[in-house]
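Contents: one structure, followed by commentary.
The values are calculated or read from the model by the stated rules, or taken from the named source; none is laboratory data. This structure is a prediction, so every number in the text was calculated from the model and none was measured. With ideal geometry, Cβ positions are generated from the backbone for all residues, glycine too; neighbour counts draw on all protein chains shown.
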Amino acid sequence: MEYMEYNEFLRSKSYHVANVGIEIADSDINPVLFQFQRDIVRWAVRKGRAAIFLDTGMGKTFIQLEWARLLGQNTLIIAPLSVARQTVREARKIGLEVRYVRSQSEITQEHRLWITNYEMLDAFDMETFGAVVLDESSILKALASKTRKALTEDCANVKYRLACTATPAPNDNIEIGNHAEFLGIASQAEMLAMFFVNANREHTYQDDEGKTFIMKGSNNGGQEWRLKHHAEEAFFSWLSAWAITMTKPSDLGYDDNGFILPPLNITPHFVSVDYQQDDRLMFTGLSGIGERSKVRASTIEARLEMLAALVADSSEQWIIWTGLQRESDLVTAAIPGAVEVKGSDTPEHKVKAFEDFQDGAIRVLVTKPRIGGFGMNFQNSHNMAFFGLNDSWEAWYQCIRRQYRFGQTKPVNVHIVMSNVEAGIYQNILRKDAMAKRLRSGLVEKVRSYEKGEIRMQAVTQDEYQEATVREDGWVAMLGDSCKRLPEIADDSVDLSVYSPPFEDLFTYSNSTRDLGNSKGSAEFFAHYAFIIREVLRVTKPGRMTCVHTSDIPAMAARDGYIGIKDFPGAVIRAYEAEGWVFFGRAFVQKNPQAQAIRTKAKGLLFVQLRKDSSDSRPALVDQILIFKKPGDNAVPVDPVGNGEMDNERWIEWAHGIWLGISESDTLQYHTARDGADEKHICPLQLGTIERCVKLYSNPGEVVLTPFMGIGSEAYTAVKFGRKAIGIELKRSYFDVAVNNLRHASIQNRTPSLFDLLDENQDSVV
């Protein structure tokens with residue numbers, strides 16, 4: 001069998017995003033573009049599949065048009081209807097012709113650039129296009145969106161893809177995964193596996209006495225996700241490899257000249273209303289659409305009067321944003337010369353009204369956020385009013401940004417006309433706005449260095465991999481990658497190995513690609529694990545054992561596509577058999593189901609679930625010790641009876657397929673092993689479990705190996721019971737604790753020198 005070389009495998013596992021585009025020179029780009037726009041175009045063309053997360057008014061339209069032109073493909077741009085028509089006009093400014101189409105039948109061979117609106121998606125065969133652009137791609141943010149799924153599936157075979165929006169993830173970083181999925185960078189499940197952790201499950205830990213503590217986490221059925229602490233740097237590095245995020249040119253070191261916004265003035269106008277809630281003694285805030293509708297209906301005349309006075313006080317242009325159709329009609333009737341654009345209007349009317357407003361032919365435009373609030377350029381005006389508000393921050397942000405965008409030369413005045421009892425909605429919007437600004441600035445700050453490197457085609461990260469070796473009487477501790485350090489151990493030199501590998505991508509212990517837990521899914525995990533399985537087989541003496549700690553693992557809808565249990569032990573057995581091991585036995589270790597229910601919050605273990613629907617209930621997950629044997633005859637019999645470590649009574653207990661009497665809290669102290677970025681999931685294997693493996697399958701004085709040493713539990717137990725130990729650990733903080741634990745074990749039980757284990761002249765363990 002031929003195997004991939006390890007360094008080659010690591011490169012395939014890395015977060016590197018391959019370029020599928022073409023190289024172009026700066027001179028190939030339209031000279032009317034600003035330098036930062038030209039550099040982004042060049043980067044995006046080189047990438048071939050990319051996302052442009054630029055703030056409003058920074059030229060996303062020109063960038064996407066140049067991207068399409070330079071790739072030279074038959075390109076379809078998909079945008080909101082109003083934006084589609086506007087893009088046709090914008091394209092003429094840089095000498096390009098973009099044709100608006102509504103079906104595949106309108107596509108002709110003699111033209112390259114086409115644009116349509118999202119509602120027309122089903123009328124096109126996407127495989128006939130060489131490139132596709134999503135304008136206002138925030139439409140992808142809805143995880144269950146039929147449009148998102150259709151776009152992702154229909155465009156899967158389009159070679160070049162570009163997504164453009166100012167609000168890629170208004171609510172959560174996880175929404176960025178929708179863009180990655182559309183672009184073919186990674187599936188939602190792969191992104192979750194690489195960088196995110198289930199917030200509900202991971203906010204639990206045990207103290208040294210085995211008591212379980214629960215930290216505040218998700219209350220959303222365990223489906224709330226957050227970035228893994230270890231993965232934050234890797235996530236932003238990965239993001240910058242396919243997305244450019246910028247709020248202003250200086251974010252990436254360019255001159256802000258021409259991109260400095262004027263003041264933004266936000267003024268609320270409250271209409272007083274004495275509103276009494278039927279079921280409450282005191283007013284505690286509006287709850288539900290029904291109460292809000294009552295209040296808005298009761299104040300509509302007073303709000304109309306206030307709004308009309310504001311508009312009449314100025315001869316300048318205004319945009320009035322409404323939420324309800326009745327309000328929109330009344331506002332239009334109350335303000336002389338106002339022109340209304342509503343959802344039921346023809347596309348021709350919508351386009352003409354927006355263009356007339358841009359050209360100054362309409363003084364007052366009345367419309368809704370979902371109609372005119374995305375992608376439009378209305379810098380020709382600088383006054384707007386919200387005739388009432390809802391809780392959507394994205395609608396608020398996008399509406400304001402129709403005027404308050406780069407290119408605006410006057411202060412933008414935003415008025416909110418609403419009742420005093422709706423003040424809570426206004427305050428909520430301001431709170432969301434402040435939070436969004438913090439998130440956006442934080443994102444820009446975190447990706448800044450990576451994106452500078454991307455645009456300049458320079459590497460900005462280095463591999464921080466370290467190696468070290470500590471040798472003392474009775475044991476050797478190796479810092480480093482097991483796939484790199486196991487080859488230092490001689491063939492047929494290890495008597496027993498005992499270890500607990502990562503459980504696929506359930507936990508990640510570092511941001512290194514050398515970490516098995518840093519895998520995009522099960523296939524990549526086992527491809528990585530195979531390197532270790534083969535090496536452990538090589539170093540093990542014929543006829544001797546390896547004991548592997550495993551467990552079934554939960555499957556989650558967001559990551560795995562279903563809710564259930566994954567047979568991880570079964571997959572491990574198949575992986576070991578594929579490399580030449582003989583599956584020899586299995587022991588189940590009894591676990592406390594109540595403690596597991598408290599720790600994981602798994603609804604399948606809760607008694608209350610029996611009252612709701614017991615079809616969602618299940619038994620607790622138990623630890624499993626899988627036992628494998630290397631083919632061949634064992635030269636030195638293992639004699640636990642003769643060694644005084646086994647008698648008939650103990651054998652009757654240990655021979656059971658279910659191991660009872662092992663305390664879940666019988667572990668080495670592990671809290672000091674955590675570094676600042678660690679998750680709360682260090683769960684060392686119980687010492688009682690390790691003891692049974694060591695005494696059953698090795699003699700005193702023999703060599704016990706663990707390629708996943710962690711804090712040293714297996715090596716510690718081996719030394720404690722008179723064996724020699726070799727441990728390998730990738731993570732420095734765990735390694736240092738393991739060394740201290742091994743020194744403590746040596747003090748407890750002095751063992752012979754380890755000169756026979758390590759040939760220092762050849763620097764190999766024998």
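Confirm whether residue 575 is free of Cβ contacts under 8 Å to residues at least 40 places away in the same chain and under 30 Å from the mean Cα position of the chain (by Cα).
The answer is no for residue 575.
State all residues of segment 608-639 that are surrounded by 15 or more Cβ atoms within 10 Å (Cβ to Cβ), over 17 Å from residue 702 (Cβ atoms) and in contact (Cβ under 8 Å) with a residue 12 or more places away in the chain; if no residue qualifies, say none.
Once the filter is applied, which keeps residues that are surrounded by 15 or more Cβ atoms within 10 Å (Cβ to Cβ), over 17 Å from residue 702 (Cβ atoms) and in contact (Cβ under 8 Å) with a residue 12 or more places away in the chain, segment 608-639 yields 617, 618, 620, 621, 622, 623, 624, 625, 626, 628.
Going through segment 700-724 one residue at a time, which ones are small (Gly, Ala, Ser) and either part of a loop (DSSP other than H, G, I, E, B) or more than 20 Å from residue 483 (Cβ to Cβ) (or both)?
701, 710, 712, 713, 718, 722
Helices (runs of 4 or more DSSP H) wholly in segment 248-338 with at least 2 residues that are more than 41 Å from the chain's Cα centre (by Cα) and at pLDDT 90 or above - which ones?
Here the list reads 300-312, 325-334.
How about segment 136-178: which of its residues are of a type in the set (Lys, Arg) and at pLDDT 75 or above? Reasoning before the result, please.
The first filter runs over segment 136-178 and keeps only residues of a type in the set (Lys, Arg), leaving 141, 146, 148-149, 159, 161.
Those that are of a type in the set (Lys, Arg) and at pLDDT 75 or above: 148, 149, 159, 161.
What pairs come out if I take residues in segment 536-550 that are on the phi < 0 side of the Ramachandran plot and without any contact (Cβ under 8 Å) to a residue 40 or more places away in the chain and pair them with residues that are basic (Lys, Arg) and surrounded by fewer than 20 Cβ atoms within 10 Å (Cβ to Cβ) whose C-beta lies under 6 Å away, six or more apart or interchain?
Between residues of segment 536-550 that are on the phi < 0 side of the Ramachandran plot and without any contact (Cβ under 8 Å) to a residue 40 or more places away in the chain and residues that are basic (Lys, Arg) and surrounded by fewer than 20 Cβ atoms within 10 Å (Cβ to Cβ), there is no close pair.
Could you count how many residues in segment 69-96 are of a type in the set (A, V, I, L, M), outside any strand (DSSP E or B) and more than 23 Å from residue 254 (Cβ to Cβ)?
Residues meeting the conditions: 7.
Of the numbered conditions (1) more than 30 Å from the chain's Cα centre (by Cα); (2) at pLDDT 90 or above, residue 36 satisfies every one except a single condition; which is it?
(1)
Given the criteria more than 24 Å from residue 129 (Cα to Cα) and either β-branched (Val, Ile, Thr) or not in a strand (DSSP E or B) (or both), does residue 33 qualify?
Yes: the conditions hold for residue 33.
Given the structure, is residue 644 at pLDDT below 90 and either farther than 28 Å from residue 469 by Cα or surrounded by fewer than 22 Cβ atoms within 10 Å (Cβ to Cβ) (or both)?
So residue 644 does not fit the description; no.
At least 2 residues that are touching a strand residue (DSSP E or B) at 6+ places or on another chain (Cβ under 8 Å) and either polar (S, T, N, Q) or free of Cβ contacts under 8 Å to residues at least 60 places away in the same chain (or both) in each: list the strands (runs of 3 or more DSSP E) lying fully within segment 101-184 that qualify.
Here the list reads 113-117, 131-135.
Exactly one condition in (1) surrounded by 16 or more Cβ atoms within 10 Å (Cβ to Cβ); (2) modelled with pLDDT of 80 or more; (3) within 30 Å of residue 40 (Cα to Cα) is false for residue 231; which is it?
With respect to (1) surrounded by 16 or more Cβ atoms within 10 Å (Cβ to Cβ); (2) modelled with pLDDT of 80 or more; (3) within 30 Å of residue 40 (Cα to Cα), residue 231 is out only on (2).
I'd like to know if segment 517-525 contains one or more residues that are surrounded by fewer than 18 Cβ atoms within 10 Å (Cβ to Cβ), assigned by TED's automatic domain parsing to the domain that holds residue 556 and within 22 Å of residue 702 (Cβ to Cβ).
No, the conditions are met nowhere in segment 517-525.
I'd like the full set of residues that are modelled with pLDDT of 90 or more, among the small types (Gly, Ala, Ser) and on the phi < 0 side of the Ramachandran plot, limited to segment 356-396.
361, 381, 385
Give me a count of the residues in segment 704-738 that are over 34 Å from the mean Cα position of the chain (by Cα) and of a type in the set (A, V, I, L, M).
7
Identify, by number, the condition in (1) modelled with pLDDT of 95 or more; (2) surrounded by fewer than 19 Cβ atoms within 10 Å (Cβ to Cβ) that residue 89 doesn't meet.
Tallying (1) modelled with pLDDT of 95 or more; (2) surrounded by fewer than 19 Cβ atoms within 10 Å (Cβ to Cβ), residue 89 fails exactly one: (1).
Name the single residue, out of those in segment 653-698 being over 18 Å from residue 547 (Cα atoms) and in a helix (DSSP H, G or I), that is modelled with the highest pLDDT.
653
Could you please tell me which pairs satisfy a Cβ distance under 6 Å, a separation of 6+ or placement on different chains, a first residue in segment 707-726 that is on the phi < 0 side of the Ramachandran plot, and a second residue that is charged (D, E, K, R)?
From segment 707-726, the pairs are 709/729; 717/691; 723/702.
Tell me yes or no: at least one residue of segment 46-68 is surrounded by 22 or more Cβ atoms within 10 Å (Cβ to Cβ), over 21 Å from residue 96 (Cα atoms) and of a type in the set (Lys, Arg).
yes
Within segment 479-490, identify whether any single residue is in contact with a Cys (Cβ under 7 Å, 6 or more places away or on another chain), aliphatic (A, V, I, L, M), at pLDDT 90 or above and under 22 Å from residue 714 (Cβ atoms), and answer yes or no.
No, segment 479-490 contains no residue that is in contact with a Cys (Cβ under 7 Å, 6 or more places away or on another chain), aliphatic (A, V, I, L, M), at pLDDT 90 or above and under 22 Å from residue 714 (Cβ atoms).
Which of the residues that make up segment 341-371 are in a helix (DSSP H, G or I), touching a residue at least 24 places away in the same chain (Cβ under 8 Å), charged (D, E, K, R) and buried (at least 17 other Cβ atoms within 10 Å of the Cβ)?
If the condition is that a residue be in a helix (DSSP H, G or I), touching a residue at least 24 places away in the same chain (Cβ under 8 Å), charged (D, E, K, R) and buried (at least 17 other Cβ atoms within 10 Å of the Cβ), then 350 is the only one that fits.
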